[in-house]
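Here is the structure we will look at, set down as structure tokens.
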Protein chains: 2
Amino acid sequence: MLSNIRIVLVQTFHPGNIGQAARAMKTMGLSDLVLVNPRCFPDEEATRLAAGATDVLDNARVVEHISQAVGDCVQVVGASARLRSLPLPHFDDPEPMASELIEHAQNAPVALVFGRERFGLTNDEIRHCTHQVSIPANPDYGVLNLAQAVQILAYEVRRAWRHHQASPATPQTPPSLPTRDQMAHFETHLHEALVTSGFLTQPHARTEDHLRALFARAQPSRKELSILRGVLSTLEKAGSDPRSSS
Amino acid sequence: MLSNIRIVLVQTFHPGNIGQAARAMKTMGLSDLVLVNPRCFPDEEATRLAAGATDVLDNARVVEHISQAVGDCVQVVGASARLRSLPLPHFDDPEPMASELIEHAQNAPVALVFGRERFGLTNDEIRHCTHQVSIPANPDYGVLNLAQAVQILAYEVRRAWRHHQASPATPQTPPSLPTRDQMAHFETHLHEALVTSGFLTQPHARTEDHLRALFARAQPSRKELSILRGVLSTLEKAGSDPRSSS
């Protein structure tokens, strides 16, 4: 189950942070690292600071865009000190976030995404997330070093995993969730249907953000997504029906 | 209350770890740092890695021996990946440790003590602690970087503090606990009484360790300590009583 927990670092500036993050991961039993467009990697500084976790670095994937890092994941949590104005479900406490992540990680990969040291994640990158999480900190000085944030969230994930192992509850098969790639296809279809049907007569990013966040919160199973796609197809016909008023 | 939480770093080898520890502290609202015989301090590397927490470094005390770092504390928790064979009460989970630390921190300083990067704390240093704590980690690779351990425990302390603030329970005045200096005087008196009375006919460190740990676990209030000192004084007379058999 821990092997399904992926750590994604986006455009990390200091290779030393990548090394320390790898070490932080390994101490908590995590091993799946993906780097999105890192400034400097591989790098001696990363290797040096990884200490006994150079295997995590050796096995790390390097990709160019976040969609390639999380496409196969059923839950993607963006870690950000700075709340964006996007209506994404937000955990203001890592503990319940970790419990949910461990639940979803039973059968499919999930990801924790960390942004740039100075600038965090862009709005476009947050659109690839299903949730946001922040680490409660000193309001006067609350931005943790990147590798420290990885350490804390990895620690919470391991804690949730330990509790899950110890829990006497009958394990229920969690509903099969769609991957980010499947949700991306749905969102594209949604956009086309909203336009074709005449609901959106001009581009309105805010409305679409809200709808995307709504469907993400609903956590549709694959079956439900299939039903929704059918509804969208019907919606599209509304735009081409000669009887519909403009 | 958070200002009563002291972080003590013993003989830190890498000044960079001191800097990162200072930053970790400040993000969680801690500010009291004491360095016991650091190898290199002050140091540019510490300042650089402290980022916006150089005030924590500037206010740090530097002492030569651990007794000078924790003498005024009513609880002292040694953080160690390696369990020592000393019978000290041990938290294998930081969460209950942090709750108890916050309780004791209401009226007096308490300390979290971290050892050397490679060698941890010596047995003598652990004797200055009232408890030990370890951070649950990967059994195959469980030794965290020093500053990462500080970050995790500081995070847990802040979490316990937040829960304490939010708790609706009627605040009880905690019993007034003795400081480490007062316990050290007691332990010296205990040793003398055990010897003078004839209970210990030869030095027996293990027996004394057990007794010290027992009295530490009992968490005697200052009043109770006073009673115990009275008992010890009576015990000492047993050694000088001509009627006592040898």
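Here are the numbers:
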read-out	value
Evaluation of B:Gly29 against (1) assigned to a helix (DSSP H, G or I); (2) on the phi > 0 side of the Ramachandran plot (one fails), failing number	(1)
Flag if A:Ile18 is modelled with pLDDT of 95 or more, touching a Ser or Thr at 6+ places or on another chain (Cβ under 6 Å) and either open to solvent by less than 50 Å² (accessible area, probe 1.4 Å) or within 22 Å of A:Met1 (Cα to Cα) (or both)	yes
Matching option when the condition is within 21 Å of A:Arg217 (Cβ to Cβ) and in contact (Cβ under 8 Å) with a residue 24 or more places away in the chain, among A:Val56, A:Val8, A:Val76	A:Val76
Test result for B:Val56, part of a strand (DSSP E or B), touching a strand residue (DSSP E or B) at 6+ places or on another chain (Cβ under 8 Å) and more than 29 Å from B:His210 (Cα to Cα)	no
Selection count where residues are of a type outside the set (Gly, Ala, Ser) and surrounded by fewer than 21 Cβ atoms within 10 Å (Cβ to Cβ), scope the range B:1-14	6
Condition met for B:Ala160 (farther than 21 Å from B:Gln75 by Cα, within 14 Å of chain A (Cβ to nearest Cβ), surrounded by 15 or more Cβ atoms within 10 Å (Cβ to Cβ) and modelled with pLDDT of 95 or more)	no
Among (1) out of contact with any helix residue (DSSP H, G or I) (no Cβ under 9 Å at 6 or more places or on another chain); (2) over 19 Å from B:Ala105 (Cβ atoms), the one test that B:Asn59 misses	(2)
A:Arg118 vs. criteria open to solvent by 20 Å² or more (accessible area, probe 1.4 Å), within 14 Å of chain B (Cβ to nearest Cβ) and of a type in the set (Lys, Arg)	yes
Which numbered condition A:Phe215 misses (of (1) assigned to a helix (DSSP H, G or I); (2) open to solvent by less than 60 Å² (accessible area, probe 1.4 Å); (3) of a type outside the set (Asp, Glu); (4) at pLDDT 85 or above)	(4)
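The values are calculated or read from the model by the stated rules, or taken from the named source; none is laboratory data. Small disclaimer: the values here were computed from a predicted structure and weren't measured. Cβ sites come from the backbone with ideal geometry, for glycine too, and all protein chains shown count toward neighbours. Remember, those area values only see protein heavy atoms, side chains included, never the ligands or the DNA or RNA. Shrake-Rupley method; radii C 1.70, N 1.55, O 1.52, S 1.80 Å.
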